[in-house]
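Quick notes on the structure that follows.
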Amino acid sequence: MQSDNLHHPGLYLNRQLSLLAFNERVLAQAADDSNPLLERLKFLCIASSNLDEFFEIRVAGLRQARELGVGQSGPDNRTPQQVLREISERTHALVDEQYRLLNDEVTPALAAADIRFLRRNEWTQAQQDWIRSYFETELLPILSPLGLDPAHPFPQVLNKSLNFIISLEGKDAFGRSSGMAVVQAPRALPRIIQLPPELDGGGTYDFVFLSSVIHAHVTDLFPGMKTTGCYQFRVTRNSDLYVDEEEVDDLLRAMEGELPSRRYGDAVRLEVAANCPEHMAHFLLEEFELEPEALYQVNGPVNLNRLFAVCDLVDRPDLKYPAFKPGLPAELSHTGDIFKVMRRRDILLHHPFESFAPVIELLRQSAQDPDVLAIKQTLYRTGPDSAVVDHLVTAARSGKEVTVVVELRARFDEAANIGLANRLQEAGAHVVYGVVGHKTHAKLMLIVRRESGRLRHYVHLGTGNYHSRTARLYTDYGLMTTRPAIGEDVHRVFLQLTSLGKVSALSHLLESPFTLHPGILEKIAREQRHAEAGRPARIIIKVNSLVEPKVIRALYAASQAGVGIDLIVRGMCCLRPGVEGVSDTIRVRSVIGRFLEHTRVFYFANNGDPELYCSSADWMERNFFRRVEAAFPLLDAELRDRVLADLQTYLADNTQAWVLDADGEYRRLTPGADETGVSAQTALLQGYGEDG
């Protein structure tokens with residue numbers, strides 16, 4: 001490989017296959033028996049959910065590209081057909097491993113802990129009686145079996161819904177004998193049902209699958225006919241929304257009109273029960289216009305993600321991660337006036353190890369404080385029953401100027417965001433939907449307060465969403481500051497988002513789609529110049545995804561100059577480390593653990609004058625060029641050193657870290673015989689949090 005040709009396809013890993021490799025690492029957590037048992041079940045569910053989205057978005061996009069005749073695309077120079085072929089091989093193996101883990105490891109271990117998924121042949125008479133009653137009262141009235149004949153064509157099947165294809169013998173009341181029928185399970189029905197523990201022969205945590213209940217009583221749906229087979233199936237559809245923003249007058253109404261189409265997009269995957277006969281599976285493939293490679297025969301429920309409910313239903317703390325209480329910075333634990341604390345110094349919160357409550361409290365106090373004149377905030381994902389939205393509504397109703405930039409196109413949260421936009425508007429807030437052609441992904445809050453005859457800016461900037469639930473599941477940083485220069489930058493960003501005029505350059509923040517990409521390239525090049533001049537040079541980057549080719553080439557060039565580069569990349573990484581003459585000094589690792597790694601941090605040693613930025617942006621084309629993103633510097637040296645120490649902890653991890661080799665494969669680290677095991681997340685939890 002030519003070290004002077006940094007465009008060579010062999011230097012780039014395929015982004016879709018890299019994302020699939022991330023899901024393989026997630027599934028490995030389900031196989032890891034050092035994790036608590038119910039957490040292993042959760043990882044199985046997360047891997048299933050991730051794979052759903054992978055097909056809905058990634059595979060769907062590749063299929064469209066193939067059908068449009070798109071040739072080689074991306075720096076790795078592979079065609080959509082080549083990538084789809086590799087995806088098919090790896091996803092079939094991944095699905096097989098999912099169900100092997102479920103059937104051979106997780107389910108038996110749960111049964112040993114008295115948490116049972118009962119098959120039909122295991123039901124006691126008392127359980128059978130209860131299940132029949134449940135079927136007759138809860139299921140039978142709302143199930144609608146659909147016989148297939150010329151007057152009853154194959155029905156529209158909802159994306160990812162549970163369905164059954166049924167083979168029949170005999171004639172119905174009208175003398176018809178189509179031989180096949182479809183039963184669709186309404187989404188309102190629970191997919192897993194807990195049996196009353198007081199039933200004879202039962203246990204505290206006995207569950208049956210909805211599919212088993214329907215199988216057991218399917219003959220009741222076809223009186224006078226004989227059912228000769230009943231097989232569950234599920235179809236995954238293209239779920240990417242298309243709205244031409246240049247051609248619509250009202251983005252909210254356009255999104256509302258487009259959302260229903262997600263349920264019936266083109267099919268991309270068919271899952272069927274393992275015992276489904278070949279001719280029936282082939283019939284379903286034809287109905288959904290899918291090739292055989294899109295068929296996945298599974299030995300268990302067709303949607304493992306539904307097992308997530310078990311983790312909530314089972315009260316067994318001994319089978320879950322230990323509870324913890326997020327920590328609180330000392331300066332916030334002894335005062336009720338958050339404005340006073342912020343005036344004194346910058347505050348950095350590291351979630352979930354530190355509480356998200358101060359952010360909510362800042363909004364609460366702002367909504368009630370008569371000296372607060374205005375609140376401006378971006379909302380990408382907030383979750384249902386959001387305290388953030390509650391306080392914004394309170395502020396608007398009390399007469400404060402509240403401006404909220406709601407991103408309607410936050411994937412799979414579109415409907416929720418439409419609802420909160422309507423609620424905020426009804427309260428009197430100014431709601432805008434960002435900039436046409438650019439998702440607003442920056443996490444910003446600006447509070448304008450009158451103090452001693454002048455206005456002061458109180459600012460929060462984050463790497464993650466204003467979402468209280470994910471703040472306990474995702475690792476993120478949040479900076480709270482009153483620095484005038486930072487406040488003025490955030491003010492200018494909001495002017496960009498809400499007005500139509502040009503705004504002067506920012507002094508500290510790097511912003512997409514304007515200064516973030518060139519700024520990152522220049523900072524990498526600066527480290528390269530330091531190394532070429534014999535000065536110390538160092539780069540540490542922590543992101544979710546590293547894909548953008550120009551940045552990768554800049555990192556290659558810096559490595560060739562001798563810059564030490566550590567990349568902590570949770571998911572997709574298209575850079576190939578350790579290539580002789582190209583990336584010898586680059587190391588790539590991915591950390592997968594209890595919490596979803598979500599912080600984005602960019603550290604540049606800069607010959608003894610270090611710079612450290614936190615950001616909402618990954619290093620992808622969309623984040624650099626098609627989104628409004630913000631990267632904010634930590635100007636307080638103590639906070640900067642603290643985050644750098646956090647990064648070093650991640651680089652020391654040898655239990656939850658995976659290292660990317662030059663061949664493109666990930667290898668999980670394990671402590672050597674003379675090494676102490678280090679888990680970054682555990683160390684941070686012990687350092688910041690409190691045992692709960």
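Restricting to bridges with both residues inside the stretch 92-229, how much of the DSSP beta-bridge set is antiparallel, in percent to the nearest 5?
Values: 14 of 17 bridges.
Among the beta bridges of the stretch 92-229, antiparallel pairing accounts for roughly 80 percent.
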Would you list the P(r) distribution for the stretch 516-640, with all Cα-Cα distances sorted into 5 Å bins from 0 and each bin expressed as a whole %? 2, 11, 21, 25, 21, 13, 5, 1, 0
Computed, not fitted: 222 nm per-residue ellipticity of the chain from DSSP H runs ≥ 4 (each -39500 (n - 2.57)), nearest 500, equal to -10000 deg cm²/dmol
Just in the stretch 279-375: which GluC sites (Glu not before Pro) are loop by DSSP and have at most 10 other Cβ atoms within 10 Å? 289
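Give me the 1.4 Å probe accessible area per residue for the chain, excluding ligands and nucleic acids, in Å².
On the way: 28770 Å² over 692 residues.
Result: 42 Å² of accessible area for each residue.
Tell me, what is the FRET efficiency for residue 401 and residue 522 to the nearest 0.05, using R0 = 41 angstrom and their Cβ-Cβ distance as r?
Working from the Cβ atoms, E equals 0.65.
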For labels at residue 472 and residue 282 in the simple 7 Å Cα→Cβ model, what's the distance in nm? 5.2
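Going by the alpha-carbon gyration tensor, a ≥ b ≥ c the square roots of its eigenvalues, is the stretch 1-160 rounded (a/c under 1.5) or, if a/c is not under 1.5, prolate (a/b greater than b/c) versus oblate? Don't skip to the answer; put the middle values down first.
Working: a/c = 4.11, a/b = 1.56, b/c = 2.64.
Since a/c reaches 1.5 but b/c is at least a/b, the shape of the stretch 1-160 is classed as oblate.
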The answer for the per residue Cα convex hull volume of the stretch 362-500, in Å³, is 110
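Quote the FRET efficiency, to the nearest 0.05, computed for residue 144 versus residue 368 with a Förster distance R0 of 60 Å and r equal to the Cβ-Cβ distance. Please report the intermediate quantities before stating the final value.
On the way: r = 52 Å, r/R0 = 0.86.
Result of the calculation: an efficiency of 0.70.
For the stretch 1-95, build the convex hull from the C-alpha positions and give me its volume per residue in Å³. Can you show the working numbers first?
Values: hull volume 10.2 nm³, N = 95.
With only Cα atoms used, the stretch 1-95 gives 108 Å³ per residue.
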Set the Förster radius R0 to 30 Å, insert the Cβ-Cβ distance between residue 32 and residue 275 as r into 1/(1 + (r/R0)^6), and round the FRET efficiency to 0.05. 0.50
Rg and Dmax in Å for the stretch 453-521, alpha carbons only: what are they? 14.1, 42
Cα-based convex hull volume of the stretch 566-688 per residue, rounded to whole Å³: 153
On the principal axes of its Cα set, how long, how wide and how thick is the stretch 297-455? Give whole Å, largest value first. 70, 42, 26
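In terms of the ratio Rg/(2.2 N^0.38 Å) built on C-alpha atoms, what value belongs to the stretch 319-408?
Details: Rg = 14.9 Å, N = 90, 2.2 N^0.38 = 12.2 Å.
Compactness ratio reported: 1.23.
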The stretch 562-631: radius of gyration and largest Cα-Cα distance (Dmax), Å: 13.8, 37
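Cα-based Rg of the stretch 275-342 per 2.2 N^0.38 Å, rounded to two decimals? Write down the numbers at each step before the final one.
Details: Rg = 25.6 Å, N = 68, 2.2 N^0.38 = 10.9 Å.
So the Cα radius of gyration is 2.34 times the expected 2.2 N^0.38 Å.
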Carbon and sulfur together cover what percent of the accessible area of the chain at a 1.4 Å probe radius? 49
Inter-label distance for residue 557 and residue 345, nm, one decimal - labels placed 7 Å from Cα along Cα-to-Cβ: 4.0
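Can you give me the Rg/Rh ratio for the stretch 59-127, using Cα atoms for both radii and the Kirkwood formula for Rh? Before the final figure, lay out the partial values.
Details: Rg = 20.8 Å, Rh = 15.6 Å.
In the stretch 59-127, Rg relative to Rh is 1.34.
Across all directions of projection, what mean area in square nanometres is found for the Cα convex hull of the chain? Each step should come with its number before you reach the end.
Working: hull surface 138.5 nm².
The number I arrive at for the chain is 34.6 nm².
The values are calculated or read from the model by the stated rules, or taken from the named source; none is laboratory data. All of these numbers come straight from a predicted model, not from anything done at the bench. All Cβ positions, glycine included, derive from the backbone under ideal geometry; neighbour counts span all protein chains shown. Side chains included, ligands, DNA and RNA excluded: accessible areas come from the protein's heavy atoms. Shrake-Rupley method; radii C 1.70, N 1.55, O 1.52, S 1.80 Å.
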